[in-house]
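Take a look at the structure set out below.
Throughout, read-outs are computed from the coordinates displayed, never taken from laboratory work. Values in this document were obtained by computation on a predicted structure and should not be read as measured data. Backbone-built Cβ (ideal geometry, glycine too); neighbour counts: all protein chains shown.
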Amino acid sequence: MINAIVFDFGNVFINLDKEGAIKRTTEILGFDIITESQNPLYAHIFETNDQYEKGLISTDQFLSFYENLVEDVSKNDVKNLWNSLLKDFPQKRLNFIKNLSAENRFKLILLSNTNELHINWVEDNVFFYNEFKSCFDAFYLSHEINLRKPDADIFRYVLEAHSLKPENTLFIDDTIENTITASQLGIHVWNNNPAIEDVVDLFEIKKELFVD
């Protein structure tokens, strides 16, 4: 029986424009960061982004990396491009998590790959962010705990911190690599498709997990 639910943030609660962000980044870098993985810059870019989302480099170091990498691109340009990933946060999803919190049926945990720039944007643009945050028993952001999905260590960290059993835990994330790792640890998963599914329909879509 599920007694804990671990939620991703992006494309579960707040909508993301992943395709648009990749397209804009590709235009600025001059090569496709998805298909051209053999490009010598790819590994350096991937490592920098990974370090930033693990909180291992500062925002200024992150912005300086791209400012030095691309001609005629300022730190402000990089900041705006980076934050262009973020879109709207539908009110119905706030209502969903508020109601779920009020029912007190499950331990509610947020586990997000994110970074200082994105969270600062959310704090400035999502007026109910603190209300949303207060709905959770624990709120883990990758850059604050120096761990990042899909590394197995981040899931073990959450399980151990809250004495959770994998077989009683559900993890929801739109990224398949993340749900694969969680599933390998014995955690129930929902790899939600944000184009056709919504977290507010959790108990209908995954109803088999909540039957006594």
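For region 107-212, lysine pairs separated by 8 or more sequence positions, or belonging to different chains, with Cα-Cα distances below 21 Å total 9. Labels on offer are (1) 1.13; (2) 1.06; (3) 0.98, and the one holding Rg/Rh (Cα atoms, Kirkwood Rh) computed from this structure is (3).
Here is the list for region 49-102: GluC sites (Glu not before Pro) lying in DSSP coil, each with at most 11 other C-beta atoms within 10 angstrom of its C-beta, are Glu71. What translational diffusion coefficient, in µm²/s and rounded to a whole number, does the Stokes-Einstein relation yield for region 1-106 at 20 °C and a viscosity of 1.002 mPa s, taking the hydrodynamic radius as the Kirkwood radius over Cα pairs? Estimated diffusion coefficient is 132 µm²/s. Could you give the dipole magnitude of region 76-212 about its Cα centre, charging the beta-carbon of Lys and Arg +1 and that of Asp and Glu -1, in debye to the nearest 20? It works out to roughly 160 debye. Reported to the nearest whole Å, the Cα centre-to-centre distance from region 51-109 to region 153-183 is 21. Rounded to two decimals, the Cα radius of gyration of region 130-212 over 2.2 N^0.38 Å is 1.13.
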